[in-house]
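Encoded as structure tokens, the structure appears first; notes follow it.
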Amino acid sequence: MASPRGEIGPKGHPRYTISSRRLPMRDKTFLFFIATYLAQGLIGIAYEPIYYLQKDVLHLGVHESGLFAAAMTLPFLFKPVLGALSDAFPLWRRRRVPYLFLATLGTAAGWAALSAAEHYTVAICLGLLIVVHIGISFVDVLCDGVMVERGKRLQKTGQYQSVQIGTLYLMLVVSGVGGGFLAEHASYKAIFALTACFPLLILFTLWAVEEKPVEDDPYTARRFREGMASLFKNPIFWASSAIILLFNFKPYQGTARFYYQADTLGFSKVFIGALSSIDGISGVAGAGLYWWLLGRKVNFAGRSVTLTTGLLVRLTVLIGAPCSLIWIAYRTPALAAAITALFGLLGVAMRLSLMDLVAQACPKHGEATAFALFMSVFNLAAWGSNTLGATLYGSFGAPIGEHAAMALLIFFGSGCTLLCWPLLRYIPSGEKTA
């Protein structure tokens with residue numbers, strides 16, 4: 001009997017099938033995914049103002065700002081704990097919807113508390129932003145649990161994630177320009193009050209989440225443990241995790257790039273926000289590109305090859321390292337816009353190939369936890385590279401110059417991507433030829 005999509009096949013390898021290209025508009029789950037990532041994308045209007053809050057109000061330098069961002073986003077590294085809570089301990093025999101309701105309200109309350117604060121100190125801002133990011137992390141984990149559980153059953157993991165990431169990047173268009181405009185013209189209290197409204201959008205689509213009651217807690221917990229045990233025995237889990245960590249370790253992005261843009265290149269707040277919008281537009285195109293490529297047959301060396309998830313992961317790693325060196329040319333507004341557009345397109349398509357790979361490998365009864373483990377590796381890469389990048393850029397910027405320091409970080413990131421190449425032999429391509 002054939003294994004369902006993503007379950008473990010011979011020799012511990014997952015079996016891959018090709019998702020249908022058609023978007024079944026009757027699938028109301030798409031509404032929930034769109035609303036969730038609409039809210040998460042719109043929350044992004046607060047992040048550029050938060051950078052300026054650190055820089056201009058809290059008077060943090062690049063190194064201190066990097067540490068602040070690391071502490072603020074620390075909850076992203078604990079997504080597996082939140083996933084295990086949802087998978088193993090249902091509320092009212094539901095694993096997703098009750099937790100989604102509570103996490104959404106908690107996120108909105110955190111932003112509202114930031115808006116109501118009388119004075120902004122490091123302790124107040126950091127404490128409330130940690131609360132906010134616990135809520136954001138939990139909502140993300142629960143949404144991914146719905147995606148994996150339903151997507152594997154209907155063979156739609158690639159479609160679901162394309163819609164999720166496409167929506168997120170579409171909202172970057174709004175949050176990029178909007179964040180830059182608000183940082184220039186609005187008070188922090190007004191910005192945080194507006195941001196508090198966005199998570200509530202999710203509440204209006206919880207009805208679209210089809211969730212059957214689960215068994216009593218002892219049986220649910222036992223099946224959860226069995227599913228996670230099978231995941232940890234799967235070599236694909238370890239190879240995929242290592243590839244995700246190395247491929248996404250880019251110390252030239254995040255805090256280091258913000259200070260490089262603002263202080264060294266002299267970009268304005270509005271232009272920095274516009275770059276985020278360019279990234280968003282290109283990211284939507286990248287999500288569409290991945291949807292278009294997945295399952296497509298192409299002629300290569302006289303044979304017809306089907307572009308499976310595993311094969312697209314291989315292409316992602318092979319072209320990632322040389323392409324990343326293009327960031328060295330990031331010097332002028334025109335080049336910054338062009339490079340941002342290019343990597344918005346390629347970066348999202350590459351990221352989706354990795355996300356689809358790991359979604360297919362998630363075991364039954366532990367969907368949220370397993371996918372959260374993989375996403376925590378993504379977040380660990382971003383968290384670690386942002387912290388290291390800010391530290392190195394702050395340390396080497398003065399002795400060797402900011403341009404040289406940024407180039408050093410770019411070479412470092414490219415080297416990490418090169419280290420992914422030997423790991424590809426553990427990732428089955430699932431290639432089908434004719």
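The values are calculated or read from the model by the stated rules, or taken from the named source; none is laboratory data. Source: prediction; values computed, not measured. With ideal geometry, Cβ positions are generated from the backbone for all residues, glycine too; neighbour counts draw on all protein chains shown.
Would you please name the residue that is modelled with the highest pLDDT, looking only at residues in the stretch 210-227 that are out of contact with any Lys or Arg (no Cβ under 6 Å at 6 or more places or on another chain) and hydrophobic (A, V, I, L, M, F, W, C)?
Restricting to residues being out of contact with any Lys or Arg (no Cβ under 6 Å at 6 or more places or on another chain) and hydrophobic (A, V, I, L, M, F, W, C), the top hit is Phe224.
Look through Ile34, Ile43 and report the one residue that is assigned to a helix (DSSP H, G or I) and within 20 Å of Met147 (Cα to Cα).
Ile34
From the list Gln164, Gln155, pick out the single residue that is at pLDDT below 85, among the polar types (S, T, N, Q) and within 30 Å of Lys364 (Cα to Cα).
None of the others qualify; the one that does is Gln155.
Identify all residues within the stretch 374-420 that are outside any helix (DSSP H, G or I) and touching a residue at least 40 places away in the same chain (Cβ under 8 Å); write none if there are none.
Step one: list which residues in the stretch 374-420 are outside any helix (DSSP H, G or I), which gives 401, 419-420.
Those that are outside any helix (DSSP H, G or I) and touching a residue at least 40 places away in the same chain (Cβ under 8 Å): Leu419, Cys420.
Could you tell me which numbered condition Thr316 fails, if it satisfies all but one of (1) surrounded by 18 or more Cβ atoms within 10 Å (Cβ to Cβ); (2) out of contact with any Ser or Thr (no Cβ under 6 Å at 6 or more places or on another chain)?
Single failed check for Thr316: (2).
Report yes if Leu128 is of a type in the set (A, V, I, L, M) and either surrounded by fewer than 16 Cβ atoms within 10 Å (Cβ to Cβ) or touching a residue at least 60 places away in the same chain (Cβ under 8 Å) (or both), otherwise no.
For Leu128, the condition - of a type in the set (A, V, I, L, M) and either surrounded by fewer than 16 Cβ atoms within 10 Å (Cβ to Cβ) or touching a residue at least 60 places away in the same chain (Cβ under 8 Å) (or both) - is not met.
Looking at the structure I just gave you, is Ile272 over 26 Å from Met171 (Cα atoms), in contact with a helix residue (DSSP H, G or I) (Cβ under 6 Å, 6 or more places away or on another chain) and in contact (Cβ under 8 Å) with a residue 12 or more places away in the chain?
no
Could you list, in sequence order, the residues of the stretch 131-170 that are closer than 22 Å to Ala109 by Cβ, surrounded by fewer than 24 Cβ atoms within 10 Å (Cβ to Cβ) and more than 14 Å from the chain's Cα centre (by Cα)?
Val131, Ile134, Gly135
Being within 15 Å of Glu48 (Cβ to Cβ) and either assigned to a helix (DSSP H, G or I) or within 24 Å of the chain's Cα centre (by Cα) (or both): is that true of Gly227 here?
Against the criterion (within 15 Å of Glu48 (Cβ to Cβ) and either assigned to a helix (DSSP H, G or I) or within 24 Å of the chain's Cα centre (by Cα) (or both)), Gly227 does not qualify.
Out of (1) within 15 Å of the chain's Cα centre (by Cα); (2) within 24 Å of Gln159 (Cβ to Cβ), what's the single condition that is false for Trp383?
All conditions are met except number (2).
Condition check: at pLDDT 90 or above and of a type in the set (Gly, Ala, Ser). Does Gly110 satisfy that?
yes
State all residues of the stretch 45-60 that are under 18 Å from the mean Cα position of the chain (by Cα) and surrounded by 21 or more Cβ atoms within 10 Å (Cβ to Cβ); if no residue qualifies, say none. I'd like the intermediate steps shown before the answer.
Taking the stretch 45-60 first, the residues under 18 Å from the mean Cα position of the chain (by Cα) are 45-48.
Of everything in the stretch 45-60, those that are under 18 Å from the mean Cα position of the chain (by Cα) and surrounded by 21 or more Cβ atoms within 10 Å (Cβ to Cβ) turn out to be Ile45, Ala46, Glu48.
In the stretch 363-393, how many residues are touching a Leu at 6+ places or on another chain (Cβ under 7 Å) and hydrophobic (A, V, I, L, M, F, W, C)?
Adding up the residues that qualify gives 8.
The rows are residues; the columns are (1) modelled with pLDDT under 85; (2) under 30 Å from Glu226 (Cβ atoms); (3) surrounded by fewer than 19 Cβ atoms within 10 Å (Cβ to Cβ).
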residue	(1), (2), (3)
Pro322	no, no, yes
Leu352	yes, yes, no
Ala361	yes, yes, no
Ser376	yes, yes, no
Ser395	no, no, yes
Gly401	no, no, yes
Leu408	no, no, yes
Leu419	no, no, yes
Arg425	no, yes, yes
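Residue under question is Pro75, and the condition is that it be on the phi < 0 side of the Ramachandran plot and surrounded by fewer than 22 Cβ atoms within 10 Å (Cβ to Cβ); does it hold?
yes
This table checks each residue for (1) at positive phi; (2) of a type in the set (Ser, Thr, Tyr); (3) touching a residue at least 60 places away in the same chain (Cβ under 8 Å).
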site	(1), (2), (3)
Phe237	no, no, yes
Gln253	no, no, yes
Tyr259	no, yes, yes
Asp279	no, no, yes
Ala285	no, no, yes
Asn299	no, no, no
Gly302	yes, no, no
Leu311	no, no, yes
Thr316	no, yes, yes
